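Each reported figure results from applying straightforward, stated rules to the coordinates on display, with no laboratory input. These numbers come from a predicted model, not from an experiment. Neighbour counts run over all protein chains shown; Cβ positions are idealised from the backbone, glycine included.
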Amino acid sequence: MTIIVTGGAGFIGSNFVFHMLKAHPDYRIVCLDKLTYAGNLSTLEPVMDNPNFRFVKLDICDREGVYKLFEEEKPDIVVNFAAESHVDRSIENPEIFLQTNILGTAVMMDACRKYGIQRYHQVSTDEVYGDLPLDRPDLFFTEETPIHTSSPYSSSKAGADLLVLAYHRTYGLPVTVSRCSNNYGPYHFPEKLIPLMIANALADKPLPVYGKGENVRDWLYVEDHCKAIDLIIHNGKVGEVYNVGGHNEMKNIDIVKLICKELGKPESLITYVTDRKGHDMRYAIDPTKIHNELGWLPETKFADGIKKTIQWYLENQKWWKNIISGEYQDYYKKMYSNR
Ligand code: NAD
């Protein structure tokens, strides 16, 4: 079995590569990644010498390059993680989100049609459902919840999802889609909430929290997400969407306070900054379908997952310090200097 994993030098993709090489030692895993600011080859160092692993630097929008790779590798399965993934960046510059997230998805699926495939899996997000009000804790996103996006990022992901389902209906492409909640864990790029707060707290720098920090997210440990995708690509029904959530809702401000507590840092580091435009209030996933059909449940309690994550950032400071010392600093200053 050969699996092409796009975006495998990013946060969830790399964790998925590690999971698959361990869980299926007889599989060949080919990682295709453009290495944008969010992709980091050093993340994949632990598996670079594994004979079952190959890394290819490639843009999913590069049709010729993608077709050539399919000719060489004859993949059985494609799992598409590659995306521009940061909402704030999509507000600054939507165009690259449309290119990679929609057109790139079309290129990958065209290659699947041309060369034949057992399964194309699209990794999507609960953000395609928009948000839920804070005063209705009884409401959850199901697979039937209408698409109702808020940001250029989520709109581009929703566009891709619709295209994937249309390729199934129109061309009979054997697809599945998963929509998951916020992931956390090792190798998370330090512009995202949890790693940003850990990195800043360790440096005694201000902890920038949007608005009042009341926004609620449903946090899922990345390994649990990888296990869910592993199940879906093997046992999920073709043409179906599966929601993947942690049943673990927390306010952003409570996460930041917890990180302060775990690191022994004062809450006075917390600085409230102007809210994100169109900021979604609450995401909450109902994962009943994947539980009933595939027996998946999140295994990691948040209390354990956050401890493991903090420990990882403490032990791997070289990894994230290298990232935040470069180009990212200019972006960071631009985003937070005037707030
Ligand atoms: P990430 O930003 O950490 O990684 C994205 C990877 O894609 C990077 O390695 C980058 O180099 C690569 N990439 C970007 N454009 C590319 C292109 N044109 N061609 C090839 N590679 C390209 O993202 P992530 O957090 O790991 O998210 C992975 C997927 O999961 C995305 O599709 C995202 O929408 C989805 N998702 C993420 C979360 C989350 O909490 N992180 C939640 C729900 C869904």
Output for the chain (equivalent-ellipsoid semi-axes, sqrt of 5λ from the C-alpha gyration tensor, Å, descending) is 31, 23, 19
Could you compute how fast the range 7-57 diffuses translationally, taking Rh as the Kirkwood radius over C-alpha pairs and applying Stokes-Einstein at 4 °C with viscosity 1.567 mPa s? Give it in µm² per second. 121
Run the helix sum for the chain: -39,500 (n - 2.57) per DSSP H stretch of 4+ residues, divided by residue count, reported at 222 nm to the nearest 500 deg cm²/dmol. -12500 deg cm²/dmol
Could you line up 110, 135 from fewest to most neighbouring Cβ atoms inside 10 Å? 135, 110
Just want the answer: with Cβ charges of +1 for Lys and Arg and -1 for Asp and Glu, which residue in 198, 142, 303 is farthest toward the dipole's positive end in the chain? 198
Magnitude of the Cβ-charge dipole (Lys and Arg +1, Asp and Glu -1) of the chain about the Cα centre, nearest 20 debye, reported as 420
Cα-based shape type of the range 81-159, given that a ≥ b ≥ c are square roots of the gyration tensor eigenvalues and the cut on a/c is 1.5: oblate
Segment residue 267-residue 214, length gained on full extension (0.36 nm per residue, minus Cα span): 17.5 nm
Assuming a ≥ b ≥ c are the square roots of the Cα gyration tensor eigenvalues, decide whether the range 1-121 counts as rounded (a/c under 1.5), prolate (otherwise, with a/b larger than b/c) or oblate. oblate
Full-extension gain in nm, residue 71 to residue 24, via 0.36 nm per residue minus C-alpha separation: 14.6 nm
Mind checking which aspartates and glutamates have their C-alpha under 16 Å from residue 22, skipping anything on the same chain fewer than 8 residues away? 45, 49, 223, 224, 230
Report, ordered by chain and residue number, the aspartates and glutamates lying within cross-link reach of residue 114, taken as a straight Cα distance under 16 Å and ignoring same-chain residues fewer than 8 apart. 62, 64, 71, 72, 73, 76
Normalised by the number of residues in the range 15-137, what is the relative contact order in percent for Cα pairs under 8 Å and 6+ residues apart? 23
Compute the distance in nm between two label points, each set 7 Å from the Cα along the Cα-to-Cβ direction, one at residue 275 and one at residue 95. 3.1
Set Lys and Arg Cβ to +1 and Asp and Glu Cβ to -1, take the dipole of the chain about its Cα centre, and tell me which of 65, 8, 36 lies farthest positive. 36
With a sphere of radius 12 Å drawn around the Cβ of residue 35, what net charge do the other residues whose Cβ falls strictly inside it have (Lys, Arg +1; Asp, Glu -1)? 0
Shape metrics for the range 155-212, restricted to C-alpha atoms - Rg then Dmax, Å: 18.2, 54
Might you report the magnitude of the Cβ-based charge dipole of the range 202-243 about its Cα centre, with Lys and Arg at +1 and Asp and Glu at -1, to the nearest 20 debye? 120
Within a 10 angstrom radius of the beta carbon, how do 32, 193, 21 rank from fewest other beta carbons to most? 21, 193, 32
Where does each of 140, 16 land when they are ranked from fewest to most other beta-carbon atoms within 10 angstrom? 140, 16
Cα shape, the range 21-83, gyration tensor, a/c 1.5 rule: oblate
Let me have the relative contact order for the range 10-83, percent, based on Cα pairs under 8 Å that are six or more residues apart. 31
